[in-house]
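> Just passing along the structure, written as structure tokens.
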């Protein structure tokens, strides 16, 4: 009894506490919020919002303004839901020099650009843990390519891109020695480097290639942005740990009042490459590519990179002092202003590209850092936003002269004007915002209609789901003078950076089916006539077709325990939204989800005799439940002949003599 | 109660805003979306057009059969049709093809294989077949030429010349 009372009391207290909090946050939402985010059933959203999945390793796609989840695109992590990383065709996508890596931590996304605007061709994603960059095809919403990055310890300042997608960047957050050197950790200052890789993108195929790497002094390359317009040809990186500490960084990397923004003149780097000034270095990294015609990935080992040394090759890299441990390093739509967000600073410095160029020309330097000129802070400075908030992280732009900066510590978005560095408005976020996104906010032409906050802490925003909570995004209308919170929506993994693009740019180019006549898969069955089962030693290849509502062949005998059985399933459908699934009992694997016109392969090694049902896992028609079949597995060495078929051709029992 | 009214009010307000939206500005995708539920009611007892519904209103038949078209039709059949249709009169998933060119007008066949969904929704004959087969024929995305080839292959299968 006493117990109950106590509990009731406690509950009451909780409710009281909560209702207080609700009142506070509730006040932020004003009357017409619902109509601004309501997208009626059957209507489309205005924007695609591509959100990094953080430690889920995937990219999620939301509709804005509704906040509806449209798709999760598997990128760096396996995805049993559609067989990514489980089917034989997709396994090579996750191959690395460390073998098959089924997971990664993805932080940032970059939509491809033409003339500084999102063009809707591709979106790039970084893998922070096992350094890689991925390219996702926005026609198919599939990962088309993954490139491993050598000489990187953690691919964080990535995959930011230049205004015509000439380069995708991969800068290491954890500096490490080049190659696979075995050195004492305490030799950081002598041996460790921060490598920035410039990845060239083929404008036709989208294929990536590491054009060159710049081996910067050992420090942490945190985030980066390409210049645009007048600053096109330059890349800017924020840095921390310019103290070059290798232990207790929390304290030891926060000693100096200023770290640096690294300004890289990549056009100059290109000249050095052309003039043969780089050093070819033996290394190893895998390059994985998806082929839409063979419906298969290949994984190729690359063994060389070209390394440029900025201490030796002059006029290529400059340092701008920036207070203090800067995180975001964002370039405004005009390309003139570079915003450094010092995590531990009480102000936001805004640098001017024109002034930076003048300082470099006039050699207004305050010294050198490891052989690289350091520009005088004041010489490059446009202005400082005073007392903006606590813990500035990232900045996006609305194209109307305003900047929006996220503040982690003070949990708010602050709007300020770039020209006179004055704070204009601030709104709270719930809670502890990390990245933020204005649709097109990193381009020359942002759609300054919304800003979306991606929060690190969710706490009481949704019904509780135990200790582990979804992280939350919040949508603000920024079309007026005052920012207005209009929607919360939960996200997968931990959303870091996200980008949003006008739905018009992508919508009509979305692929509906794969043309069966262009299917060049090695094991395709072009129609049921070509279905067959072929044994080669203990390998059994089953050329199978799927169409509403049967799998051919659906009776298979003469397979033995321990055989390696490959189900190559071709979906013969040519209609939009008719995938077929495939699963077989005991497969130590995932299902296949096969799109119309596609062929996918499931490997299965039966470990005991018996009859194994297989079936279609994706409800496809009124007779979906009937879309099933049987595999007979006999003891190893038995004399059951290999037979298969469907209907009239299904194997018949031999009449007893 | 109050709250409910509010929601209703807000919903109707938003509906109002939507129907008026767009004005002079460039239309966003949000406004372009087709209205759901515009399926027209088609009276199944109304005069049935033996040519079906679709763009083919007059198909010229060739005599003798065009050998190349027959060949093209057969390869389309192998990949896209044979899973469900036999060349005899035996029903598999769909009806066997024997005699189809006697049962159907050439235009009906070509409209059906190229305009599957509308035919299955509206054409009385196609709807009747669906009640027999209980599976919607998949739209196999045939080009006009492929559809014509299929027709020629069916004619061959029926012994026409």
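Each value in this text was obtained by applying a stated rule to the coordinates, not by laboratory testing. Not measured: the values here are computed from a predicted model. Quick reminder, even Gly has a Cβ in these numbers, built from the backbone with ideal geometry, and neighbours come from all protein chains shown.
> Divide, for segment A:521-649, the radius of gyration over alpha carbons by 2.2 N^0.38 Å, where N is the residue count.
0.98
> Any chance you could check the Cα centroid distance between segment A:386-414 and segment A:228-243 for me, in angstrom?
Each part's Cα centre sits 19 Å from the other's.
> Give me the Kirkwood hydrodynamic radius of the protein assembly as shown in Å, from all C-alpha pairs, to one decimal place?
One over the average 1/r among Cα pairs gives 30.2 Å for the protein assembly as shown.
> Give me the percent of DSSP beta bridges within segment A:521-649 that run antiparallel, rounded to the nearest 5. The partial results should precede the final answer.
Details: 28 of 40 bridges.
Taking every DSSP beta bridge with both residues in segment A:521-649, the antiparallel ones total about 70 percent.
> Taking neighbour Cβ counts within 10 Å as the exposure measure, how do B:134, A:93, B:129 sort from fewest upward?
B:134, B:129, A:93
> Average partner chain C-beta neighbours within 10 Å, per residue of A:522-531?
Values: counts 0, 0, 1, 1, 4, 9, 6, 5, 2, 1.
Per-residue shielding by partner chains comes out at 3.
> Averaged over B:75-85, how many beta carbons belonging to a partner chain fall within 10 Å of each residue's beta carbon?
Partner Cβ neighbours, averaged per residue: 6.
> Next question, about the same structure. Most exposed first by the Cβ proxy, i.e. fewest other Cβ within 10 Å, how do A:478, A:360 rank?
A:360, A:478
> Alpha carbon centre of segment A:277-319 versus segment B:86-144: separation in Å?
First find each Cα centre; the distance between them is then 55 Å.
> Can you give the mean number of other chain Cβ atoms that lie within 10 Å of the Cβ atoms in peptide B:135-143?
The shielding value for this peptide is 6.
> Moving on to the next point. For A:619, A:198, what ranking results if the residue with the fewest other Cβ atoms within 10 Å of its Cβ goes first?
Taking fewest neighbouring Cβ atoms as first place, the list is A:619, A:198.
> Can you give me the three principal axis dimensions of segment B:67-157 from its C-alpha atoms, in Å, biggest first?
Principal-axis extents of the Cα atoms in segment B:67-157, largest first: 35, 26, 23 Å.
> Looking at the protein assembly as shown only, what percent of DSSP beta bridges run antiparallel? Nearest 5 please.
Of the beta bridges lying entirely in the protein assembly as shown, close to 90 percent run antiparallel.
> Whole number please: convex hull volume per residue, Cα atoms of segment A:205-338, in Å³. Intermediate values should be presented prior to the final figure.
Details: hull volume 22.4 nm³, N = 134.
So the per-residue hull volume is 167 Å³.
> Ranked highest first by the average count of other Cβ atoms within 10 Å around their residues, in what order do A:581-589, A:328-336 fall? Don't skip to the answer; put the middle values down first.
On the way: A:581-589: 18.1, A:328-336: 23.6.
The packing order, highest mean first, is A:328-336, A:581-589.
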